[in-house]
2 protein chains.
Amino acid sequence: MTVKKIFLSEDEMPTQWYNVAPDIPNGLHPPLDPSTNQPMGPDKLSAIFPMNILEQEMSSESWIDIPQPVLDVYKIWRPSPLIRADNLERAIGTKAKIYFKNEGVSPAGSHKPNSAVAQAYYNKEAGIKRIATETGAGQWGSALSFATSKFGLQCKVYMVRISFDQKPYRKSMMNTYGAEIVASPSQETEFGRQILAQNPDSNGSLGIAISEAVIDAASREDTNYALGSVLNHVILHQSIIGLEAKKQLEKIGATPDVVIGCCGGGSNFGGIAGPFLRDKLDGKMIRLLGVEPASCPTLTKGKLAYDFGDVAQTTPLLYMHTLGHDFMPAGIHAGGLRYHGMAPIVSAMVRENLVETISVHQLECFEAGRLFAKTEGIIPAPETCHAIRAAIIEATKDKEEPKTILFNFSGHGMLDLASYDKFYAGALHDYEYPESAIADALANLPVIN
Amino acid sequence: MTVKKIFLSEDEMPTQWYNVAPDIPNGLHPPLDPSTNQPMGPDKLSAIFPMNILEQEMSSESWIDIPQPVLDVYKIWRPSPLIRADNLERAIGTKAKIYFKNEGVSPAGSHKPNSAVAQAYYNKEAGIKRIATETGAGQWGSALSFATSKFGLQCKVYMVRISFDQKPYRKSMMNTYGAEIVASPSQETEFGRQILAQNPDSNGSLGIAISEAVIDAASREDTNYALGSVLNHVILHQSIIGLEAKKQLEKIGATPDVVIGCCGGGSNFGGIAGPFLRDKLDGKMIRLLGVEPASCPTLTKGKLAYDFGDVAQTTPLLYMHTLGHDFMPAGIHAGGLRYHGMAPIVSAMVRENLVETISVHQLECFEAGRLFAKTEGIIPAPETCHAIRAAIIEATKDKEEPKTILFNFSGHGMLDLASYDKFYAGALHDYEYPESAIADALANLPVIN
């Protein structure tokens, strides 16, 4: 009889994160200070990040202990279940075995709290009273609101205006956890006021919201900034996904042939794929597959180069796949995947041909999500639909091949149902950029001497 | 070290439901045919229910096998976790141990699929192609939409107009699973058309929607009706909640001093409390506590009598606690608790003084729900907030008493966040009926000779 759900007990939960950075052949490029184009040390970053997090950001240790207070909060929902999607397998008629790691069971409904809880803890330890952050689709803002409430910190969320208006439930969730939320561009930073002065009806963007949160954090002694993806320490915290999944597969004597995650900033993919990289480097036949939207093809059509993480050019320069910091992705409903850049760690894995990439379209993803809901019950977030779509593609290439597929179910879609409505109503479309549009955006990359 | 989450493996999942009906001293009164006031046999009910379900409705067996195809669907989310609310305990400063059974992990987000899956299966077995039902808050409609999709049945949901307009996400969920949804009162039944003719802007009510679904089912050969609470077979299917919770508590060597559930139609309370009744009758010191809203005080202020289950008086007469079938409860946000009647099984347990009852107000419940979210992470449904409020009352009566409290976390609040917004905005109020209003409604009970 098929075991459908593979659980770990709480004492089997990993007590260390895995740092994949030292495994990457030829290493990572350091972040650069945009005013000098020289490597940026922890000292300059300490205006907005605590030193304990910066140590993780630069660490070359493979294993880093998870502090007990973080483990205590993780225990609210972790270890998360690994689930065999046998109903989906039957529906598509494949001999492949499909497993998904269900990160949707967290309080905020996605993998984001894995890093939010750690970041809240380290900031608390560093004596910080308040954290400023941005949120696009709302997943990260919800996660950090929850995490800060657990450690008694204040939380200020700059939420992209269009999401603020379209996703009132995400706001309610953050409100429930006690965070303060403001639509970005806001009147609360000089940068926000400038944008509003030019365009009072601005929809905002993730790039603008990041700028506002960074400016807020830099201007107050008691406040730091927290980022929900891209950076090395976020990928580190998310490694618990892959570490658990590995243990769970071992319990049933399985190893994955392919490990899949959707890629926005790279944290959920890096989190599930990272812990399998060592095995791959040691010769195991494991494919790592990153999936991105065709409308924001950072890995498949972007360039590997130094670029800013935000529109206002307030962040350090990161060496990553990018479409250019002023690339404006189409309004697809997988808001968490609408980002011009990519985690340097994921970018380096792609550079070294350790990760394959694929881009998929919005409509096929919603179709995959609906099939998943009908077969496995759970309605996936639009971002997660991308991973499901890729898993289905892998499982149907050769339906007779009994391969083992593992994908990261990064979040549920309970707060994204309006997007499904639009899909059912035929109001959604696929987007693809002409090569020239991407070339135009890439022409604006900063010049590094 | 405290174990926070107690899981059962899939092979520890109960394979039989527990029927509490035979345990109840002095038994249950049979349903009556309102046209004759005589007991109503399965033959007359078979127009809208399959015979296999009617056998369960009348059964005097204590244990009833769960069919394998039902177990296979249960496995998507069952056994559900039992969780120690230790963060909540610390926040309220009690020595009581609080455990909750998390039924919010189901695809529809509540305990409702436990019966929906069984009812879909039995109807499929009976050759039925289509099920008609009603939904108020949307939980039952979502559950049946999911369940029918698993067994390839069509599903038609009459959704109370005001919820149809206010809860678009519930509609989207049902849509995702492939159900057909119509606002009730609708143009699709003669009864609906009559009501719309009198009042085109009618908000509808659960009683009206039940009537429409029953009329739909009675008028079509291929269609049956399904009810999400109240009836004996629903309480039977929900017994899996209490059976699992009992096994989980045994695993850690605990027995509950008090078992708590909120009461709308009675299915989630009956489901968790029923399997503990035998122990109580055998002399164990276990209190069973049903919680209801002060604005719909069926158990605390209603009358035990024969009454209709719906406004149009289409249902059999059930012997239950009732506020009168034309009692119109205030517009509280715990829509699932706005019902004039109560499961005959729960009513009989109250009659025999085997169950204590308490009523609580809306605002204290939302306050309890928010505290729960901040401490335990999960945002509860407004109905579930009632159980949480009662658990907190029990845990704070004497904070030094190390009693063990078990409550049913009947559902999450991801699709109820608009209600929380209203609460935070100060737009919600408490309601209590003057005795005279209740007396007026009770004056309309049918006269049984």
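Figures for the structure shown
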| read-out | value |
| --- | --- |
| R0 of 25 Å, Cβ-Cβ distance residue A:222-residue A:418: FRET efficiency to nearest 0.05 | 0.10 |
| Segment residue B:278-residue B:154, length gained on full extension (0.36 nm per residue, minus Cα span) | 40.8 nm |
| Cα long-axis angle, helix A:232-251 against chain A (0 to 90 degrees, to the nearest 10) | 10 |
| Net dipole in debye of the stretch B:120-267 [+1 Lys, Arg Cβ; -1 Asp, Glu Cβ; about Cα centre; nearest 20] | 380 |
| Separation of the residue A:129 and residue A:193 label points, Cα + 7 Å toward Cβ, nm | 2.3 |
| Carbon + sulfur, % of accessible area of the stretch A:1-86 - ligands and nucleic acids excluded, 1.4 Å | 53 |
| Å² per residue, accessible surface of the protein assembly as shown at 1.4 Å | 33 |
| P(r) tail fraction, the protein assembly as shown - alpha-carbon pairs more than 52 Å apart, % | 16 |
| Vicinal HN-Hα couplings computed from phi for the stretch A:260-274 (Karplus, 6.51 cos²θ - 1.76 cosθ + 1.60; Hz; Gly/Pro x) | 10, x, 7, 10, x, x, x, 6, 7, 5, x, x, 7, 7, x |
| Bins of 5 Å from zero: percent of alpha-carbon pairs in the stretch B:343-432 | 3, 12, 20, 22, 18, 13, 9, 3, 0 |
| Part-to-part distance (alpha-carbon centres) for the stretch B:20-61 and the stretch B:299-347, which is given in Å | 18 |
| A/B buried area, accessible surface, summed, 1.4 Å probe, Å² | 3600 |
| Largest-first ordering by accessible area, 1.4 Å probe, given options B:279, B:421, A:440 | A:440, B:421, B:279 |
| Residue pairs, from the table A:399/B:124; A:112/A:246; A:5/B:403; B:75/B:280; A:251/B:95; A:112/A:247, whose Cα atoms sit over 27 Å apart | A:399/B:124; A:5/B:403; B:75/B:280; A:251/B:95 |
| 5 angstrom amide H check on residue A:98, placed H, neighbours 5+ away | A:85, A:405 |
| Distance between the stretch B:385-410 and the stretch A:355-434 - C-alpha centres, whole angstrom | 41 |
| DSSP-defined antiparallel bridges as percent of all bridges, chain B, nearest 5 | 35 |
| The stretch A:170-316 - percent of accessible surface contributed by carbon and sulfur, probe 1.4 Å | 48 |
| Pairwise FRET efficiency - residue B:363 versus residue B:59, Cβ, R0 = 45 Å, nearest 0.05 | 0.60 |
| Cα centroid separation, the stretch A:210-252 to the stretch A:75-118 (Å) | 19 |
| Rounded tilt (10° steps) of A:382-397 against the dominant C-alpha axis of chain A | 30 |
| Cα pair distances exceeding 30 angstrom across chain B, given as percent | 38 |
| Of A:130, A:193, A:287, the one that fluctuates the most in a GNM where chain A has Cα springs shorter than 10 Å | A:193 |
| Using alpha carbons only: equivalent-ellipsoid semi-axes of the stretch A:1-111, gyration tensor based, whole Å | 37, 20, 14 |
| Using a Förster distance of 30 Å, the FRET efficiency for residue A:52-residue B:162 (Cβ separation, nearest 0.05) | 0.05 |
| Copy-to-copy label separations for residue B:427, where each label sits 7 Å from Cα toward Cβ, in nm and ascending | 2.1 |
| Principal-axis tilt of helix B:206-218 within chain B, Cα atoms, nearest 10 degrees | 50 |
| Accessible area in the full protein assembly, largest first, 1.4 Å probe, for A:398, A:416 | A:398, A:416 |
| Free-standing Cys, chain B [no other Cys Cβ under 4.7 Å] | B:155, B:262, B:263, B:296 |
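The values are calculated or read from the model by the stated rules, or taken from the named source; none is laboratory data. Given the structure is predicted, the values throughout are model-derived calculations rather than measurements. Cβ: placed from backbone, ideal geometry, glycine included. Neighbour counts: every protein chain shown. Surface accessibility is based on the protein's heavy atoms, side chains included, excluding ligands, DNA and RNA. Shrake-Rupley method; radii C 1.70, N 1.55, O 1.52, S 1.80 Å.
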